[in-house]
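Contents: one structure, followed by commentary.
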Amino acid sequence: MKQFYKVVSQILIVCMVWTPFSIQAGMISTDQVVAGAQDQANRDKVINFVTRGDVVKQLETLGLSASTAKERVSAMTQDEVNRIAGKIDSLPAGADSGGWIAAVLIIGLIIWLVWYKR
């Protein structure tokens, strides 16, 4: 039994001497944490954009399936993902810019019906 204790104590001594040289810890700055979180948020934003219904239909008309598009987003570098996410943020939040033409036509039709069809 003494032999067992001796072997265990020798193994513990070797581990205690070896451990401080093999483990390295350091402080992580807030900028590194925020950058990592922002990178992941941008990648999620691009993947969510690619999986939207209207985008999936447009991609399928171009001959690209949604699963292939997701794989391609996963294969992009972080700079590419950040650039595309920035473009997604700058897109107009609605339909196309031709909506004001439809509004003018509808208002003109209403005025014509009210004033000239009495």
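The values are calculated or read from the model by the stated rules, or taken from the named source; none is laboratory data. Values in this document were obtained by computation on a predicted structure and should not be read as measured data. When we count neighbours, we look across all protein chains shown, and the Cβ atoms used for this are built from the backbone with ideal geometry, even at glycine. Quick note on the areas: whole protein, heavy atoms, side chains included, nothing else; ligands and nucleic acids left out. Shrake-Rupley method; radii C 1.70, N 1.55, O 1.52, S 1.80 Å.
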Handout entry: Label point distance in nm, Glu71-Cys15, each placed 7 Å from Cα along Cα→Cβ
Key = 4.5 nm
Practice task
Can you send over the solvent-accessible area of Ile106, 1.4 Å probe, protein chains only, in Å² to the nearest 10?
Solution key: 100 Å²
Handout entry: Distance between modelled label sites at Phe4 and Leu62, nm, 7 Å Cα→Cβ extension
Key = 6.9 nm
Exercise for the section: Please give every one of the lysines within straight-line cross-link reach of Lys45, meaning a C-alpha to C-alpha distance under 28 Å, and leave out same-chain neighbours fewer than 8 residues apart. Expected result: Lys57, Lys70, Lys87
